[in-house]
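Undergrad: Below is a structure I'd like to ask you about.
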């Protein structure tokens, strides 16, 4: 796409967001914003979308069309704080599973990344999982 077409499309999206914002004025609460942030983080992690997309103007405009009062958090917030929260939740679930398991089998797989670093993957198997 030429930059002229992209610029025209961007201007059109800005107008759509303005119209949507004029018609839809509910104030978003911090709780609502954190729920949206968490949903976006989970979607990005589970689908492998790079976090740099969060600052893409087209993605930001799409979110503004869906909810004009939602302000997109920075890429750093998503990558650092929200991703850490998701990791903590998963770790808590794993800890609970291990705590009540009677038999555990540990599987290990290791390989070398293209940059030469070692990558280790541990898998815990229980009778129910």
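The values are calculated or read from the model by the stated rules, or taken from the named source; none is laboratory data. The structure displayed is predicted, hence computed values, not measured ones. As a convention, Cβ positions derive from the backbone with ideal geometry for all residues, glycine included, and neighbour counts pool all protein chains shown.
Undergrad: Scan the range 70-81 and report the pairs whose first residue is more than 12 Å from residue 38 (Cα to Cα) and whose second residue is surrounded by fewer than 16 Cβ atoms within 10 Å (Cβ to Cβ) and modelled with pLDDT under 80, with Cβ atoms within less than 7 Å and a gap of 6+ or a chain change.
TA: Final answer for the pair search is 70/28.
Undergrad: So which residues in the range 22-78 are within 13 Å of the chain's Cα centre (by Cα) and not in a helix (DSSP H, G or I)?
TA: Of everything in the range 22-78, those that are within 13 Å of the chain's Cα centre (by Cα) and not in a helix (DSSP H, G or I) turn out to be 48, 49, 50, 72, 73, 74.
Undergrad: Within the range 122-129, identify whether any single residue is closer than 29 Å to residue 37 by Cα and in contact with a helix residue (DSSP H, G or I) (Cβ under 7 Å, 6 or more places away or on another chain), and answer yes or no.
TA: Looking through the range 122-129, none of the residues is closer than 29 Å to residue 37 by Cα and in contact with a helix residue (DSSP H, G or I) (Cβ under 7 Å, 6 or more places away or on another chain).
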